[in-house]
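The values are calculated or read from the model by the stated rules, or taken from the named source; none is laboratory data. Since the structure is predicted, the reported quantities are computational estimates derived from the model, not experimental observations. Using ideal geometry, Cβ is built from the backbone for each residue, glycine included, and neighbour counts are taken over all protein chains shown.
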Amino acid sequence: MNKKLLPAILITVLFLASATTAKAGSIWAKRNSNMKNLYADDVARNIGDILTIIITEDSKVDNKAKRDLKKDVDKSITFDGKLGNFSDLGEFGTSISSSNELKSKADYKDERKFVDRITVVVVDIQPNGNLVVMGTRYRKIAGDTQTIEIGGIVRPSDVKFDNTIKSEQVANFQIVTKNSGVADPYTRPGFLGRILDVIWPF
């Protein structure tokens, strides 16, 4: 064997061996064939895909109204009793005085805050590409059950790279919360109190 060819043969053998080892340990060999392409992301685009809505609803209402109305009337009439040259009826007069006053003041304040993360499912795609999403979450802790229902329309360009979107960016955003369980009777008035609230006129 030509000694000049020996180094080239050894290098070729080592290269083939390293290539075989690399192929056996390649991520492609361990990758599930049902998974998306290596370069694809998990951002929701199709029906059945999921995305997470970050709920940060913080609403404050502060309405104030004040009204002050007042009306005073003071009118007097005096008659000297003379009707030309024919008679003298004597003097008489009348005085009218009235007062009307209205004062009113109203102050209404309401502050609510809801913070959560809910994962929803794409249930439809509109002709313009917007995603219609819906989702429900149940929590049952120590006998208390909380149900949260979410719905709305999402623009794909608003979805972040981590497949999340803020609730303020969801169109027609709807959120319904229902609570039942041990604490429910303590957070609402009894049936007799509700009846009195309806029929009590004051």
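Tabulated data
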item	result
Residue that is modelled with the lowest pLDDT [pool: residues in segment 37-86 that are surrounded by 10 or more Cβ atoms within 10 Å (Cβ to Cβ), out of contact with any helix residue (DSSP H, G or I) (no Cβ under 9 Å at 6 or more places or on another chain) and not in a strand (DSSP E or B)]	Gly81
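Each row is one residue, and each column tells you yes or no for (1) at pLDDT 80 or above; (2) surrounded by 10 or more Cβ atoms within 10 Å (Cβ to Cβ); (3) hydroxyl-bearing (Ser, Thr, Tyr).
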| residue | (1), (2), (3) |
| --- | --- |
| Lys105 | yes, no, no |
| Val121 | yes, yes, no |
| Asn128 | yes, no, no |
| Asp144 | yes, yes, no |
| Arg155 | yes, yes, no |
| Thr164 | yes, yes, yes |
| Ala171 | yes, yes, no |
| Thr177 | yes, yes, yes |
| Arg194 | no, yes, no |
